[in-house]
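Have a look at the structure below, then the notes.
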Amino acid sequence: MLEEEEEQARQRTLAALKPGDVVSGVVRSLTDYGAFVDLGGVDGLLHVTDMSWGRVRKPADLLNVGDQIQVMVLKVDPAARRVSLGLKQLTPEPWSLAEQKYKPGDRVRGPVVRLADFGAFVELEPGIEGLIHLSDLSWSKKTRKPADLLKLGETVEVVVTSVSAAERRISLSLKQALGDPWDRIEQHYPVGAVVEGRVVSLAKFGAFIEIADGVEGMIHIADISAEKRLEHPREALKVGETVRAQVLEIDRTRRRLRLGIKQLLPTTADEYIAEHRLGDLITGRLVEISASGEAQVQVADGVFACCRLPSAANPTAQSALSQADLNSLTAMLAAKWKQGRNPSAALEPPRPGQVRTFRIVALEPAAKRIQLELVG
C-alpha cells in the first residue's frame, strides 16, 4: 500500500510539472554529467550544461549533495518519467546585456580560459568570453603564439575593442592595455641616449635591435664600426647578441629608432678633448674660412675645431707680441707641425693654410665640439 501511495504521489507530481515552472528540490546525487534533484518523489536531471551560463568543469564545483535549490522545468517526458531541469535559466542570458555592459575602450579583467593558435579567450563573466587576437597580444612582432605570453588561469587586464551581441563576439586587446611604447618614445629613448638590446635580425644594409617590447632600432652598416668598412653586418654582429648603441634618430612613422655603435667608441676627437682644458693655448692649421668669418681649424690628425675670426685684423695688437711670445710660437710650430714656417706668418691676416695660435674657449665632449679663439 505504501509503495502504491508513493507511486500515485509521483504520478501526481509528474503530471503537475510543466515546462517553465520554477520548483524547489534537493540535490540527491552528483555525476560527471550533472545532478539529480528530488522534486518530491520525482527525480529531475540538471545537466552540467544547464547549471551556469559559464563553463562548468564538473557539477561538484557548484553543488553539494543535500543542497536545497530552485530550478526551472525545461522538459517533461511522462512516458519515460524523465524531467529535465535548468539552473542558469533563472538568470538573464548574459549576451542579451553585453552591449550595455561592455563598450569599446573599457578596461576589463578576467581569467584566460582557452588558448588557440589564433588567440586567447578571456572570461569576462559567466557565459561571456572575449577573444584577444594574436595581433592584439603584443606590440612586438616576435610573438608567434598566445602561449608565448599567457597561460591558462592567468588573470589579465584588457581593453574592449568591439562588441557584437548578435554574433556573440567581443574583441579584446592586451597590448592596448599595456600602452603603446611609441607614445612616449622621445622621453624614454631621446636622441643621444645609450640603449642596450638584442640583435633580432641582420640585413645587408644593417642590423635590427630590439631594445624593449615593441621598440626596435636599426643600426646602419656604416654605423657599426669605425675601424673598418664592412661588407655585411654579420662580420661584426650575430643574431641573439646583446649590444649597446646610441640613439641617433627617431622615426615614429616606421616605429623605428636609428642607432649607432661606432658613436660609443672613443675617437681621436674624444681623446683630444680629454687631454685639454679650457684656456689652453694650442696651434692649428686654418682649413677653411667662410664669408661670415667662421673658420675650420685642424688641431690634430682627424680633429677639427671651430673658430670665430675677428672682422678685421688689429696690427697694433699683433705688433705688441713680445719676442718671448714669438720664440714660444716658433718652438710650438716646430715641435707640433714640423713645417719650418716663418714666425712672422702669425702676424699676417688669417687665410687657409696658415698655422696659427688659438685659445680653447669651449669643449663639448657629447657633441665632440671644440671652440677656439685666435690669439696669434
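When 21, 61 are checked against the criterion of being more than 30 Å from residue 124 (Cβ to Cβ) and surrounded by fewer than 19 Cβ atoms within 10 Å (Cβ to Cβ), 21 stands alone in meeting it. Taken over the stretch 1-60, the criterion of being of a type in the set (Lys, Arg) and either farther than 30 Å from residue 130 by Cβ or part of a helix (DSSP H, G or I) (or both) is satisfied by 10, 12, 18, 28. Within this structure, residue 31 passes the test of being at pLDDT 90 or above, of a type in the set (Ser, Thr, Tyr) and outside the structural domain of residue 152 (by TED's automatic domain parsing). Among residues of the stretch 186-197 that are in the same structural domain as residue 213 (by TED's automatic domain parsing), those with a Cβ under 8 angstrom from a residue that is exposed (fewer than 12 other Cβ atoms within 10 Å of the Cβ) and part of a loop (DSSP other than H, G, I, E, B), sequence gap 6+ or separate chain, pair up as 192/366.
Within the option set 23, 112, 122, being of a type outside the set (Phe, Trp, Tyr) and not assigned by TED's automatic domain parsing to the domain that holds residue 169 holds for one residue only, 23.
Scoring residue 41 on the criteria (1) at pLDDT 90 or above; (2) surrounded by 12 or more Cβ atoms within 10 Å (Cβ to Cβ); (3) not aliphatic (A, V, I, L, M) leaves a single failure, condition (1).
Being touching a Lys or Arg at 6+ places or on another chain (Cβ under 7 Å), touching a residue at least 40 places away in the same chain (Cβ under 8 Å) and either surrounded by 18 or more Cβ atoms within 10 Å (Cβ to Cβ) or hydrophobic (A, V, I, L, M, F, W, C) (or both), is that true of even one residue in the stretch 228-247? No: zero hits.
Among the residues making up the stretch 189-211, those that are farther than 24 Å from residue 367 by Cβ and assigned to a loop (DSSP other than H, G, I, E, B) are 204, 205.
Condition (residue is more than 19 Å from the chain's Cα centre (by Cα) and among the charged types (D, E, K, R)) applied to the stretch 198-209: is it met by at least one residue? Yes: the stretch 198-209 contains one or more residues that are more than 19 Å from the chain's Cα centre (by Cα) and among the charged types (D, E, K, R).
For the stretch 227-267, give me each residue that is among the acidic types (Asp, Glu), under 29 Å from residue 303 (Cβ atoms) and in a strand (DSSP E or B).
So in the stretch 227-267, the residues among the acidic types (Asp, Glu) come out as 227, 231, 235, 241, 249, 251.
If we keep only those that are under 29 Å from residue 303 (Cβ atoms) too, we end up with 227, 231, 235, 249.
Once the filter is applied, which keeps residues that are among the acidic types (Asp, Glu), under 29 Å from residue 303 (Cβ atoms) and in a strand (DSSP E or B), the stretch 227-267 yields only 249.
Residue 71 - would you say it is assigned by TED's automatic domain parsing to the domain that holds residue 30 and of a type in the set (A, V, I, L, M, F, W, C)? Answer is yes for this residue.
The values are calculated or read from the model by the stated rules, or taken from the named source; none is laboratory data. Here the structure is a predicted model, which means the values were calculated and not measured. Quick reminder, even Gly has a Cβ in these numbers, built from the backbone with ideal geometry, and neighbours come from all protein chains shown.
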